[in-house]
Amino acid sequence: MAPHNSAADIARSWTMVAGDASFRRYFRLFAADDSYIVMDAPPAQENVPAFIEVANTLRKAGLRAPCIYAQDIEQGFLLLEDFGDQMLKQELAPAQGQRLFTQILPLLSGFTRCDCSGLPRFDEQHIHKELALFADWYLARHCEYMLPDDELASWRALGDLLVEACQARQQVFIHRDFHSCNLQRLADGGLGIIDFQDAMLGPASYDLASWLWDRYLAWPRTDIEAWVEQARASLAPQLSPAQWLRYCDLTGLQRNIKVVGIFARLHYRDGKPGYLEMLPQFSAYIRDIVPRYAELQPFAKHLLAWLDACPASRTSRS
């Protein structure tokens, strides 16, 4: 890197890059004829070793994760390859759905090639922990509603059903936050993957569900079912179309319930504005999936009532 002659030169060589829902901060560093990303990840809140390990895993599988040029794990700093500012979110549009899906499907297929030997498992304990975010942060904190005993029993039974669905098929590398803000359009037209440090060994349908039930754009159900079937050949060829669709729907249901809880937590615990405004989108996803399966009907009354436990006006409360 080229030396600087003054503090002013150094200051002009850094720019803040938009952050995410984590405690991490990002800066763009300009040096000579190139640029880099500096990641500031407080070790008390962020797992820097996991970021390094997963980045290496993705690259070994032929996927595009940023190269790591320097690291200070103790202080939580990484010097990363600069993927630019073009998030795939900027290309989201109803008419672009098939084009984008054709491009992200090879990434999902690539995840099945990843070495998962060092990854934590998306197991029963973790699934229940994620679902608890809905009860603790959406119902109890946001809606100020505590589950009575009969509803608590229904909630636990629903969790057991979703655990079964999330563990009953091929287990692969899962990114766990696979959406358009964590995919970047690179200068050569390819796609780079970011924010992958929380990867686990989990159901092959998980990241597909994450893409299909997006926070910014609600895809038509006909498109969702078409893309689920397109993905079956590479992600679950041993399953029938109906089996695979069920797994994707139930995985999506588990994730969408979790997301409602996470967005409430981001608002109340982390002071991050804007997330409550996205709650109706994910509530609508849950409402759409529940009537489609007879096995969900014992929980439908309670689940839909829980979504209605909070007035719409509270989506902007502080």
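The residue that is nearest to the chain's Cα centre (by Cα), counting only those in the stretch 136-192 that are closer than 22 Å to residue 112 by Cα and among the aromatic types (Phe, Trp, Tyr), is 178.
Scanning the stretch 194-211 for residues that are in contact with a helix residue (DSSP H, G or I) (Cβ under 6 Å, 6 or more places away or on another chain), touching a residue at least 60 places away in the same chain (Cβ under 8 Å) and among the aliphatic types (A, V, I, L, M) gives 194, 199, 204, 208. For the stretch 136-194, taking the residues that are acidic (Asp, Glu) and more than 19 Å from residue 248 (Cβ to Cβ), the one that is surrounded by the most Cβ atoms within 10 Å (Cβ to Cβ) is identified as 151. Can you pull out every residue in the stretch 212-257 that is among the charged types (D, E, K, R), modelled with pLDDT of 95 or more and closer than 17 Å to residue 175 by Cβ? Within the stretch 212-257, 214, 255 qualify.
Just one of the listed residues (114, 143) is out of contact with any Phe, Trp or Tyr (no Cβ under 7 Å at 6 or more places or on another chain) and either without any contact (Cβ under 8 Å) to a residue 40 or more places away in the chain or not acidic (Asp, Glu) (or both), namely 143. Taken together, 7, 21 contain a single residue that is modelled with pLDDT under 90 and in contact with a helix residue (DSSP H, G or I) (Cβ under 8 Å, 6 or more places away or on another chain), which is 21.
Residue pairs whose Cβ atoms lie under 7 Å apart, separated by 6 or more positions or on different chains, with the first residue in the stretch 152-177 and assigned by TED's automatic domain parsing to the domain that holds residue 118 and part of a helix (DSSP H, G or I) and the second crowded, with 21+ Cβ neighbours inside 10 Å and hydroxyl-bearing (Ser, Thr, Tyr), are 165/247; 165/251; 166/251.
Residue 272 falls short on exactly one of the conditions (1) over 25 Å from residue 155 (Cα atoms); (2) of a type outside the set (Ser, Thr, Tyr); (3) at pLDDT 95 or above, and that condition is (3). Flag: residue 210 matches the condition of being over 25 Å from residue 147 (Cβ atoms), among the hydroxyl-bearing types (Ser, Thr, Tyr), surrounded by 21 or more Cβ atoms within 10 Å (Cβ to Cβ) and assigned by TED's automatic domain parsing to the domain that holds residue 132. Here the condition is being part of a helix (DSSP H, G or I) and surrounded by fewer than 18 Cβ atoms within 10 Å (Cβ to Cβ); of 96, 71, 75, it holds for 96 alone.
The values are calculated or read from the model by the stated rules, or taken from the named source; none is laboratory data. None of the values given here were measured: they were computed from a predicted structure. With ideal geometry, Cβ positions are generated from the backbone for all residues, glycine too; neighbour counts draw on all protein chains shown.
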